[in-house]
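To keep things clear, I will list the structure first and then write my remarks on it.
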Amino acid sequence: MNKGEPLHALKRDLLYAHEGAIRARHLEAQTEQAWCLTLATNAVVAWTTEYYGLAVESMRRAGRRIDDEILAHISPAHSENINFFGAIEVDIEGELAQLGPTGYRPLRVRDTLF
């Protein structure tokens, strides 16, 4: 698969509310919508990349062998970890209380990985 395809699929998923179409009539509004999509896409990719790194580091510390050659084929551009539906209420104080000493949320560990 082309490395750009997951990124395009993520953008389509993020733009689903307008069925993947830029609906603004004026060029300035279209540009603004495109920039917002780019910002949201970059935020998802950065978040996923950061937590992939933490997960790999954690698994390696636990003694699992993870080759860098395999990691080169994993794309952080996916939307399986995003809730697109409904309202999301965030308890800021509760979320901050869950942060570990490094400032990250704890990883969800499953024995079925690798």
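Over the chain, DSSP H runs of length four or greater, each weighted -39,500 (n - 2.57), average out per residue to a 222 nm ellipticity of -16000 deg cm²/dmol. Solvent-accessible area of Glu28, all protein chains in place: 150 Å² (probe radius 1.4 Å, heavy atoms, ligands and nucleic acids excluded). Ligands, DNA and RNA left out, the 1.4 Å accessible surface of the chain is 57% carbon and sulfur atoms. Roughly what angle does helix 27-61 make with the longest principal axis of the chain, taking Cα atoms, 0 to 90 degrees, to the nearest 10? Relative to the chain, helix 27-61 is tipped by roughly 10 degrees. Hey, any idea what Rg/Rh is for segment 4-106, computing Rh the Kirkwood way over Cα pairs? Taking Rg over the Kirkwood Rh, I get 1.05.
Looking at the chain, identify the longest residue range that excludes and avoids all trypsin sites (Lys or Arg not before Pro) in DSSP loops having at most 14 other Cβ atoms within 10 Å. Between exposed loop sites, the widest span is 66-107.
With everything on Cα atoms, drop me the angle between helix 4-14 and the longest principal axis of the chain, reported from 0 to 90° to the nearest 10. Roughly 70 degrees, rounded to the nearest 10.
In the context of the full set of protein chains, residues of the chain present 82 Å² of accessible surface per residue (probe radius 1.4 Å, heavy atoms only).
The values are calculated or read from the model by the stated rules, or taken from the named source; none is laboratory data. The shown structure was predicted, so the numbers you read here are calculated from the model rather than taken from an experiment. Don't worry about glycine lacking a Cβ; one is built from the backbone with ideal geometry, like all the others, and counts go over all protein chains shown. For the accessible areas, the whole protein counts, side chains as well, though only heavy atoms, and no ligand, DNA or RNA atoms are used. Shrake-Rupley method; radii C 1.70, N 1.55, O 1.52, S 1.80 Å.
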